[in-house]
Amino acid sequence: RSSRLDSFAEKDGITIFTQTVQNGGRLARSELFFKEKNSEIRQLTENGSVLEAFFGKNDDIFFTSFRDGINRITRIDYSGKVLKEWEFPKIDSIYSLTFSQDGKIIVFSGNRFESEKNIFLFDIESGEIKEIDIPGEQYSVHFENDKTLVFSSEKGAKIVPMRLDLSTN
């Protein structure tokens with residue numbers, strides 16, 4: 001049995017982390033774990049194929065996963081109960097998830113099949129997704145505030161930090 005810690009987030013004495021676990025010769029999967037101060041580690045997913053996770057605005061957690069050939073964003077409570085799951089069959093990858101300050105929009109970088117990595121805005125209330133098409137490959141996107149995104153962009157052989165004002169584009 002081998003394992004690898006992939007990513008983590010902390011909030012108010014609680015840590016969530018993804019860990020890839022492989023049992024013998026079986027397929028390795030990354031699962032989501034929960035650790036509260038002075039408590040045991042709890043596994044929140046089973047066969048989750050979790051890529052990244054972050055805390056929501058309430059007592060909830062959002063994570064991305066790639067299962068059955070489909071990228072997903074899932075919202076769970078601290079017990080691991082699924083509250084909502086959205087599927088993105090036309091998106092080949094999802095990276096660098098973060099929330100707007102008001103908690104209504106998730107921003108991530110990713111790509112549709114056979115295309116460059118772009119930035120996507122996902123409204124968790126309406127389920128609408130908007131792709132922001134910027135030449136080059138976009139990585140590590142975050143909300144600076146609800147109207148401004150900061151991200152890194154590959155321009156030729158260079159990685160360039162960029163800022164995008166959503167109100168003026």
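The values are calculated or read from the model by the stated rules, or taken from the named source; none is laboratory data. Because the structure is predicted, anything quoted here is derived from the model rather than measured. When we count neighbours, we look across all protein chains shown, and the Cβ atoms used for this are built from the backbone with ideal geometry, even at glycine. These area figures cover heavy atoms from the full protein model, side chains too; ligands, DNA and RNA do not enter into them. Shrake-Rupley method; radii C 1.70, N 1.55, O 1.52, S 1.80 Å.
Does GLU87 count as of a type in the set (D, E, K, R), at pLDDT 90 or above and loosely packed, with under 15 Cβ neighbours inside 10 Å?
Numbers: of a type in the set (D, E, K, R): yes; at pLDDT 90 or above: yes; loosely packed, with under 15 Cβ neighbours inside 10 Å: yes.
Spelling it out, GLU87 is indeed of a type in the set (D, E, K, R), at pLDDT 90 or above and loosely packed, with under 15 Cβ neighbours inside 10 Å.
Take the residues of region 84-136 that are in contact with a Lys or Arg (Cβ under 7 Å, 6 or more places away or on another chain) and aliphatic (A, V, I, L, M): which is nearest to ILE70 (Cα to Cα)?
The extreme case among them is ILE91.
Is it the case that region 125-143 has a residue that's of a type in the set (A, V, I, L, M, F, W, C), touching a Ser or Thr at 6+ places or on another chain (Cβ under 8 Å) and exposed (fewer than 15 other Cβ atoms within 10 Å of the Cβ)? So that I can check it myself, show each step before the final result.
Our first condition is that a residue be of a type in the set (A, V, I, L, M, F, W, C); within region 125-143, this holds for 129, 132, 134, 141, 143.
Next, from what is left, pick out any that are touching a Ser or Thr at 6+ places or on another chain (Cβ under 8 Å): 134, 141, 143.
Checking the rest, the ones that are also exposed (fewer than 15 other Cβ atoms within 10 Å of the Cβ) come to none.
No, because not a single residue in region 125-143 is of a type in the set (A, V, I, L, M, F, W, C), touching a Ser or Thr at 6+ places or on another chain (Cβ under 8 Å) and exposed (fewer than 15 other Cβ atoms within 10 Å of the Cβ).
Go through (1) open to solvent by 20 Å² or more (accessible area, probe 1.4 Å); (2) within 19 Å of ASN169 (Cα to Cα) for ARG112 and report which single condition fails.
With respect to (1) open to solvent by 20 Å² or more (accessible area, probe 1.4 Å); (2) within 19 Å of ASN169 (Cα to Cα), ARG112 is out only on (2).
In the list SER167, SER65, SER153, which residue meets the criterion of being closer than 21 Å to LYS11 by Cβ and of a type in the set (Gly, Ala, Ser)?
Numbers: SER167 fails: closer than 21 Å to LYS11 by Cβ; SER153 fails: closer than 21 Å to LYS11 by Cβ.
None of the other options fit; the residue is SER65.
For region 153-168, how many residues are surrounded by fewer than 17 Cβ atoms within 10 Å (Cβ to Cβ), of a type in the set (S, T, N, Q) and in contact (Cβ under 8 Å) with a residue 12 or more places away in the chain?
Of the residues in region 153-168, 1 are surrounded by fewer than 17 Cβ atoms within 10 Å (Cβ to Cβ), of a type in the set (S, T, N, Q) and in contact (Cβ under 8 Å) with a residue 12 or more places away in the chain.
Yes/no matrix, rows are residues, columns are (1) touching an Asp or Glu at 6+ places or on another chain (Cβ under 6 Å); (2) among the β-branched types (Val, Ile, Thr):
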{"position": "THR18", "(1), (2)": "yes, yes"}
{"position": "SER30", "(1), (2)": "yes, no"}
{"position": "LYS35", "(1), (2)": "no, no"}
{"position": "ASN58", "(1), (2)": "no, no"}
{"position": "ASP68", "(1), (2)": "no, no"}
{"position": "ASN71", "(1), (2)": "no, no"}
{"position": "ARG75", "(1), (2)": "yes, no"}
{"position": "GLY80", "(1), (2)": "no, no"}
{"position": "LYS84", "(1), (2)": "no, no"}
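A quick yes/no check of all residues on (1) modelled with pLDDT of 90 or more; (2) exposed (fewer than 13 other Cβ atoms within 10 Å of the Cβ):
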{"residue": "THR18", "(1), (2)": "yes, no"}
{"residue": "GLN22", "(1), (2)": "no, no"}
{"residue": "LEU27", "(1), (2)": "no, yes"}
{"residue": "GLU36", "(1), (2)": "yes, no"}
{"residue": "GLU40", "(1), (2)": "yes, yes"}
{"residue": "ASN47", "(1), (2)": "no, yes"}
{"residue": "ALA53", "(1), (2)": "yes, no"}
{"residue": "PHE63", "(1), (2)": "yes, no"}
